[in-house]
Amino acid sequence: MTADYRPPQTPLSVVHADHEILVVDKPSGLLSVPGKGAHLADCLLARVQAVYPQALLVHRLDRDTSGVMVFALTPQAQRHLGLQFEKRTVKKIYIARVRGRLEPRAGTVDLPLIVDWPNRPLQRVDFVTGRDAVTDWKVLRYGEDETRVRLMPQTGRSHQLRVHMKELGHPILGDPFYADGAARAFPRLMLHSESLRLRHPDGGAGVTFKAKAPF
């Protein structure tokens, strides 16, 4: 996964910035935080802090997932946002392209997940020791042997959307971990964090930030 790490050298894409928070559109292929070793130092957090040195991490997206990420610009904002993610009050919407015709047009996946230790960082379903993981889905449209779908996770487990779609028999296109054959042969993972709805740390008003899917 990391030996061939060549992150895109695209400019930082700022969706919103104010005195408390910074929202950016993360490109696919870029780590959210640094990995182990100098070759994995380039990440979204480092790029953000080069422009906003006070920026603090609140949550992460997988390396291969693109889309909306929020950073705190004060310790108070970090605590406020962190609590919202912990209490699952942040509303997240993802766009994905998955293999095959996903039916019915809407539904919920409720499958507990745990890390697949011999095959880290992969995750797997485990009904005994897995942590609860719930994803709602809604079909947007059907294509030729693929479906464009809106995914709304109720929990935030690692690789949750990727494993849940695979377990439905419709892996996300371009997924190097959970797709195979033709479904894997795409230039990127077809998963994008389109929207984040949260309460602003200054006053608690509900705000929504969006970034259009590039696929």
Top-ranked residue in the stretch 80-94 [being β-branched (V, I, T) and closer than 13 Å to G206 by Cα; ranked as surrounded by the fewest Cβ atoms within 10 Å (Cβ to Cβ)]
T89
Verdict on L189 being within 25 Å of L12 (Cα to Cα) and of a type in the set (A, V, I, L, M)
yes
Between R131, R97, R63, R101, which is more than 19 Å from the chain's Cα centre (by Cα) and within 26 Å of R150 (Cβ to Cβ)?
R101
Boolean, V109 is part of a strand (DSSP E or B), hydrophobic (A, V, I, L, M, F, W, C) and modelled with pLDDT of 95 or more
yes
Six or more apart or on different chains, Cβ under 8 Å: which pairs go from a residue in the stretch 149-178 that's within 13 Å of I114 (Cα to Cα) to one that's assigned to a strand (DSSP E or B) and charged (D, E, K, R)? Could you list them?
G156/K92; R157/R131; V163/R124
Can you find even one residue in the stretch 70-85 that is modelled with pLDDT of 95 or more, among the aliphatic types (A, V, I, L, M) and within 12 Å of the chain's Cα centre (by Cα)?
yes
Taking the criterion of being within 30 Å of G143 (Cβ to Cβ) and either surrounded by 15 or more Cβ atoms within 10 Å (Cβ to Cβ) or without any contact (Cβ under 8 Å) to a residue 40 or more places away in the chain (or both), would at least one residue in the stretch 11-18 satisfy it?
yes
Which one is surrounded by the most Cβ atoms within 10 Å (Cβ to Cβ), of the residues in the stretch 143-191 that are among the β-branched types (V, I, T) and closer than 26 Å to D126 by Cβ?
I172
Within the stretch 126-167, the residues that are among the hydroxyl-bearing types (S, T, Y) and farther than 17 Å from K91 by Cβ are T129, Y142, T147, S158
Just for the stretch 56-69: of the residues that are of a type in the set (A, V, I, L, M) and buried (at least 22 other Cβ atoms within 10 Å of the Cβ), which one is nearest to H19 (Cα to Cα)?
M69
Working carefully through the options P201, P121, P104, find the one that is of a type outside the set (V, I, T), closer than 24 Å to V90 by Cβ, modelled with pLDDT of 95 or more and assigned to a loop (DSSP other than H, G, I, E, B).
P201
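The values are calculated or read from the model by the stated rules, or taken from the named source; none is laboratory data. Bear in mind the structure is a predicted one, so any value in this text is a computation, not a measurement. Neighbour counts are summed over all protein chains in view; Cβ atoms, including those assigned to glycine, are modelled from backbone coordinates with ideal geometry.
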